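Enquirer: First the structure, which I've put down as structure tokens, then a few questions once you've had a look.
The values are calculated or read from the model by the stated rules, or taken from the named source; none is laboratory data. All of these numbers come straight from a predicted model, not from anything done at the bench. Quick reminder, even Gly has a Cβ in these numbers, built from the backbone with ideal geometry, and neighbours come from all protein chains shown. Ligands, DNA and RNA are excluded from the accessible area calculation, which covers all protein heavy atoms including side chains. Shrake-Rupley method; radii C 1.70, N 1.55, O 1.52, S 1.80 Å.
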Amino acid sequence: MKKALITGISGQDGSYLAEFLLKKNYQVHGIIRRVALEDETHRLWRLRKIKKDLNLHSGSLESFPSLAKIINQVQPDEIYHLAAQSYVSNSFEDEFSTLNTNINGTHFMLASTKEFAPQSKFYFAGSSEMFGKTVETPQNETTKFYPRSAYGISKVTGFELTRNYREAYNTFATTGILFNHESPRRGFEFVTRKISLAVARIKNNLQKEISLGNIKAKRDWGHAKDYVEAMWLMLQQQKPLDYVIGTGEQHTVEEFLSIAFQHVGLNFKDYLKIDKNLFRPAEVETLLADPINSKKKLGWKPKIKFEELVVEMVESDLRNVKDKTY
Ligand code: GDD
């Protein structure tokens, strides 16, 4: 039986990946902060259905010894390093802890892998935020990076560390450069979930309006469930290579809004308030993947289309509001 170790297992991607690997008959281990283990209801809701099948270890990205100990003990075949401070806006408010946690966390994971489980295959969660102020459209594996936030910079550094471990120490280490991927399990701070929950609450007279920043921003949005399969496929290849993972289709925040409100028979223009404070000091205006390599070499293709994703998120939040989950 293969063993996988996931950091960030309680997040959106971690929970889908854990489900995917359990179905493939992996023994699945996860690293969780102690505070989260002590507050299961709020912090581990995404793992509720599968928690009994998981091996959870208490550890922190800020502590090299805690990570080294777990990697040494588990001896995983595959490591998926997904944990990070992943909210771009927050990285402007707290650059220092974003850089510290994200860069050191990745470095600690790579160093522990090299030292204690050198046979492990290593996946690093890169991000299309690395392309930032894009120098070409669409973006592929050779597009130059131009990060626009401490978050983007931390991911570029993680990417370089991962590449260097691959080249210097022969670690099977790869980076997935994932474009935005969403689902009903998305955190509330991200724009898609903010919209889907607001639509459900407005429809039920619990909220009157929604405040947003730059609704002209363009993103390549896919479904997280599809994207975790790409992570796994990357570690099943002969050679460790970096891949751009996206749909190759672009939409504005405004389009997301429009479809979400339309789905419940409302017009977003009647409820939208633009708030200057929600604009970012340096914005990433447009992201679009050129996923040709992932299609050709991994045989990966996203299954869930944009409209389906929007509707699934709104439907899920309508249920949440009805059941008073939120
Ligand atoms: N969060 C948020 N809240 N974003 C808003 C809002 C708002 O009220 N109003 C407009 N936006 C715009 C942002 O300015 C941005 O251009 C776009 O909506 C998407 O923002 P987010 O959903 O916060 O995601 P992101 O694109 O910044 O980052 C996500 O995708 C990356 C991959 O490209 C995160 O998941 C990152 O962790 C991930 O790496």
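Enquirer: In segment 35-77, what residues are under 12 Å from Leu5 (Cα atoms) and either of a type in the set (A, V, I, L, M) or not assigned by TED's automatic domain parsing to the domain that holds Leu235 (or both)?
Expert: Once the filter is applied, which keeps residues that are under 12 Å from Leu5 (Cα atoms) and either of a type in the set (A, V, I, L, M) or not assigned by TED's automatic domain parsing to the domain that holds Leu235 (or both), segment 35-77 yields Leu54, Leu56, Leu67, Ile70, Ile71, Val74.
Enquirer: Starting from segment 314-326, keep only residues that are over 18 Å from Gly187 (Cβ atoms), then list their pairs with residues that are open to solvent by less than 40 Å² (accessible area, probe 1.4 Å) whose Cβ atoms are within a distance under 6 Å, requiring at least 6 positions of separation or different chains.
Expert: Short answer, once both residue conditions are applied: Leu318/Ala200.
Enquirer: Which residue out of Lys218, Lys208 is open to solvent by 50 Å² or more (accessible area, probe 1.4 Å), near the ligand (Cβ under 10 Å from one of its atoms) and either touching a strand residue (DSSP E or B) at 6+ places or on another chain (Cβ under 7 Å) or more than 25 Å from Leu99 (Cα to Cα) (or both)?
Expert: The unique qualifying residue is Lys218.
Enquirer: Continuing with this model, one more query. Is it the case that some residue within segment 108-123 is of a type outside the set (Asp, Glu), farther than 27 Å from Lys2 by Cα, part of a helix (DSSP H, G or I) and touching a strand residue (DSSP E or B) at 6+ places or on another chain (Cβ under 7 Å)?
Expert: So far as segment 108-123 goes, no, none of its residues is of a type outside the set (Asp, Glu), farther than 27 Å from Lys2 by Cα, part of a helix (DSSP H, G or I) and touching a strand residue (DSSP E or B) at 6+ places or on another chain (Cβ under 7 Å).
Enquirer: Here's something else I'd like to know. So, in segment 86-117, exactly how many residues are acidic (Asp, Glu) and within 22 Å of Arg166 (Cβ to Cβ)? Walk me through it before giving the result.
Expert: Filtering segment 86-117 down to residues acidic (Asp, Glu) leaves 93-95, 115.
Within this subset, residues satisfying the condition of being within 22 Å of Arg166 (Cβ to Cβ) are 115.
Of the residues in that region, 1 qualify.
Enquirer: Check Ser120, Ser66, Ser58, Ser91 and return the single one that is open to solvent by less than 60 Å² (accessible area, probe 1.4 Å), touching a helix residue (DSSP H, G or I) at 6+ places or on another chain (Cβ under 6 Å) and more than 16 Å from the ligand (Cβ to nearest atom). Steps first, please.
Expert: Working: Ser66 fails: touching a helix residue (DSSP H, G or I) at 6+ places or on another chain (Cβ under 6 Å); Ser58 fails: open to solvent by less than 60 Å² (accessible area, probe 1.4 Å); Ser91 fails: more than 16 Å from the ligand (Cβ to nearest atom).
That would be Ser120, the only listed residue that is open to solvent by less than 60 Å² (accessible area, probe 1.4 Å), touching a helix residue (DSSP H, G or I) at 6+ places or on another chain (Cβ under 6 Å) and more than 16 Å from the ligand (Cβ to nearest atom).
Enquirer: Out of everything in segment 189-233 that is outside the structural domain of Val310 (by TED's automatic domain parsing) and over 22 Å from Val88 (Cα atoms), what residue ends up being farthest from the chain's Cα centre (by Cα)?
Expert: Ranking the qualifying residues of segment 189-233, first place goes to Leu233.
Enquirer: Find the residue count for segment 78-88, including only residues that are of a type in the set (Phe, Trp, Tyr) and either outside the structural domain of Pro118 (by TED's automatic domain parsing) or away from the ligand (no atom under 11 Å from the Cβ) (or both).
Expert: Initial filter on segment 78-88 (of a type in the set (Phe, Trp, Tyr)): 80, 87.
Checking which are either outside the structural domain of Pro118 (by TED's automatic domain parsing) or away from the ligand (no atom under 11 Å from the Cβ) (or both) leaves us with 80.
Number of matching residues: 1.
Enquirer: Among Leu266, Leu235, Leu241, which is open to solvent by less than 10 Å² (accessible area, probe 1.4 Å) and either away from the ligand (no atom under 14 Å from the Cβ) or more than 30 Å from Ile9 (Cβ to Cβ) (or both)?
Expert: Among Leu266, Leu235, Leu241, only Leu235 is open to solvent by less than 10 Å² (accessible area, probe 1.4 Å) and either away from the ligand (no atom under 14 Å from the Cβ) or more than 30 Å from Ile9 (Cβ to Cβ) (or both).
Enquirer: Continuing with the same structure: Evaluate segment 165-177: report whether one residue or more is at pLDDT 95 or above, crowded, with 20+ Cβ neighbours inside 10 Å and near the ligand (Cβ under 10 Å from one of its atoms).
Expert: yes
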